[in-house]
Amino acid sequence: MVRVRFAPSPTGFLHIGSARTFIFNWLYARHNNGTMVLRIDDTDVDRNTQASRDSIFDGLKWLDLGWDELYHQSDRIELHRQVAWKIFEKGLAYRDFTPASAESDTKERSGGPWLFNPAMRELSNEESQRRADAGEPFVLRFRVPRDSSHPVEFRDAVYGPQSKLPADIEDFALLRSNGIPTYHMASCADDIDLNISHIIRGQDHLTNTFKHVLIFEAAGAALPIFAHLPLLIAPDGSKLSKRKHGPVVSVTTYRDAGFLPHAFVNFLCLLGWSPKDNREQMARQELTDAFSFEGINHSNAVVNFTDQDPFDPKAVWLNAELIRTMPVEELAKQLLPFVPNADPGKILQVTPLIQERIKLLRDVSTAADFFFLDELPPYDSAELIPQKGDAPMALAVLERAREVLSTVEFKHDALDQALRAAAQDLKIKPGQMFQPIRVAVCGRKNAPPLFETLEVLGRETTLKRINAALALL
RNA sequence: GGCGCUAUCGUCUAACGGUUAGGACAGAGCCCUCUCAAGGCUUAAAUACGGGUUCGAUUCCCGUUAGCGCUACCA
């Protein structure tokens, strides 16, 4: 039975790297008909915030993938303590009474890493108990074997066999002096208790895993499968951080810019994983079917953003493709929040005209603004002058257009015929006829096709705007 | 410093010893066209470096270099 977990700590907003870890866990669970556990790792009480909790849930809900079980680590501290003390009773952990303030001095490294404080590690049971009874604070440390040259080993499902000498692992803490379990302790105790079968997480935990293997073994638990994921990094090779890279690393930034959840999911899947058959645009089910650890590669992936553009071009392309291929009604619905105060019926009319012209949902506000405005914002009257034409030509075109458009039926074919005929009368090219009209009604040169646009705008608005344009000439 | 992981076009990636090193995005050009898009076609662009092993290395081994991670009573 496959049971995976995603275990964010609520100390910041939902990071896109975390989102990817969540997605890969989800895909693995669904691929194997397993269970997806969401566990909030909130043992660091000082750093947790409600805002962060909200950000994580908002982000995960937006991804629209869901989860099967939810736990809060802070509810389970007693369990973690029990496991820690069980390890202590086996003699595999000891009390370290070194005050936190004195530690930095002791740990001054001279060449190698700090491993342990011999005085504390070798403290007799009686002495240890006596000082604890006297109320002296201590941290509980794991007693990493020092008499053995056998490496700690595990097989990573992505990176293959891993091993590390005990001599390179320090006596890490299990319980802090305030009695709260450390991340390593809480995480392992929960993974054991929740019967997690596969731990899929960022590669930043790869070397931590040796400690976890030690804890699992000390607790007498079977090892889960570990699968580590390459990290997401910035174009300069540094790791993504809020301080350095700003909102580009937050899931909500993508949501607010008008990414479709699935486009975002699809994009993230392509960073560090490949179906190996050249597919890129993949539906949720295709991703689920194709997902495997074999497809995960070993090197970090760059999220290709710049100062000018916060979004990776491939993410934008994926989003644009999805927008283009989705049903008009569905797109219109998605567009709703990006056109405040607009009539939904109007949006539905406009949607087909902009469907293949927008890349992000928010683009609707610039691509279709003139449909929703009562009055056009000011534009340069020079724009009204057609290619290879002059002001008198623009004037003639608009005057003629006013005439034609006051009687013609406002339907695509009729408009097409009437306006082309008018161009012929004026002995100008169709394009020269259309451009002044387009600028007059849209307020700019680049816009959706003219006849469809006029049809949506209607006779009244069209004539009003042509008159306004005429006044400019 | 120690330990670990990694290294193919600008970016994401494919090629599990033999390919003209493939695809995608972004870029350039052309076509289509009422503008903008969309679409079609074409094009430029990579195996970090040095040693091995092998008839033959992108691929296996070693070294160098570079990047990243861990080295907390953070997660």
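Can you tell me how many residues within region A:122-136 are under 20 Å from residue A:170 (Cβ atoms) and at pLDDT 95 or above? The total comes to 1.
Among the candidates A:217, A:170, the residue that is without any contact (Cβ under 8 Å) to a residue 12 or more places away in the chain, farther than 24 Å from residue A:36 by Cβ and not in a strand (DSSP E or B) is uniquely A:217. Residue count for region A:446-462 satisfying the condition of being touching a Phe, Trp or Tyr at 6+ places or on another chain (Cβ under 6 Å) and within 6 Å of RNA strand B (Cβ to nearest atom): 1.
Only one of A:259, A:264 is within 24 Å of residue A:61 (Cα to Cα), outside any helix (DSSP H, G or I), among the aromatic types (Phe, Trp, Tyr) and touching a residue at least 40 places away in the same chain (Cβ under 8 Å); which? Show your work before the answer.
On the way: A:264 fails: outside any helix (DSSP H, G or I).
Of A:259, A:264, the one residue that is within 24 Å of residue A:61 (Cα to Cα), outside any helix (DSSP H, G or I), among the aromatic types (Phe, Trp, Tyr) and touching a residue at least 40 places away in the same chain (Cβ under 8 Å) is A:259.
Scanning region A:8-41 for residues that are modelled with pLDDT under 90 and farther than 23 Å from residue A:267 by Cα gives a single hit, A:11.
Residues considered: A:216, A:172. Of these, the only one that is within 8 Å of RNA strand B (Cβ to nearest atom), among the aromatic types (Phe, Trp, Tyr) and more than 26 Å from residue A:19 (Cα to Cα) is A:172. Looking across region A:60-84, the residues that are part of a helix (DSSP H, G or I), within 16 Å of RNA strand B (Cβ to nearest atom) and touching a residue at least 40 places away in the same chain (Cβ under 8 Å) come down to A:60, A:73, A:76, A:77, A:79, A:80, A:81, A:83, A:84. Residues in region A:405-457 that are within 21 Å of residue A:378 (Cα to Cα) and either part of a helix (DSSP H, G or I) or touching a residue at least 24 places away in the same chain (Cβ under 8 Å) (or both): 18 in all.
How many residues are of a type outside the set (A, V, I, L, M, F, W, C) and in contact with a Pro (Cβ under 8 Å, 6 or more places away or on another chain) when one looks only at region A:24-49? It would help to see each step written out before you state the result.
To start, the set of residues in region A:24-49 that are of a type outside the set (A, V, I, L, M, F, W, C) comprises A:25, A:28, A:30-35, A:39, A:41-44, A:46-49.
Retained after the next criterion (residues that are in contact with a Pro (Cβ under 8 Å, 6 or more places away or on another chain)): A:41-43, A:48-49.
Here the count works out to 5.
Taken over region A:327-385, the residue count meeting the criterion of being closer than 15 Å to residue A:258 by Cβ and surrounded by fewer than 14 Cβ atoms within 10 Å (Cβ to Cβ) is 4.
For the subset of region A:336-386 comprising residues that are among the acidic types (Asp, Glu) and part of a loop (DSSP other than H, G, I, E, B), which member is farthest from residue A:454 (Cα to Cα)? The selected residue is A:380.
Conditions tested, residue by residue: (1) within 6 Å of RNA strand B (Cβ to nearest atom); (2) surrounded by 15 or more Cβ atoms within 10 Å (Cβ to Cβ); (3) among the hydroxyl-bearing types (Ser, Thr, Tyr); (4) farther than 23 Å from residue A:240 by Cβ.
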| residue | (1), (2), (3), (4) |
| --- | --- |
| A:271 | yes, yes, no, no |
| A:277 | no, no, no, yes |
| A:281 | no, no, no, yes |
| A:284 | no, yes, no, yes |
| A:287 | no, yes, no, no |
| A:290 | no, yes, no, yes |
| A:296 | no, yes, no, no |
| A:303 | no, yes, no, no |
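The values are calculated or read from the model by the stated rules, or taken from the named source; none is laboratory data. Note that the coordinates shown come from a computational prediction; the quantities given were computed from them, not determined experimentally. Because the Cβ atoms are built from the backbone with ideal geometry, glycine has one as well, and the counts that use them run over all protein chains shown.
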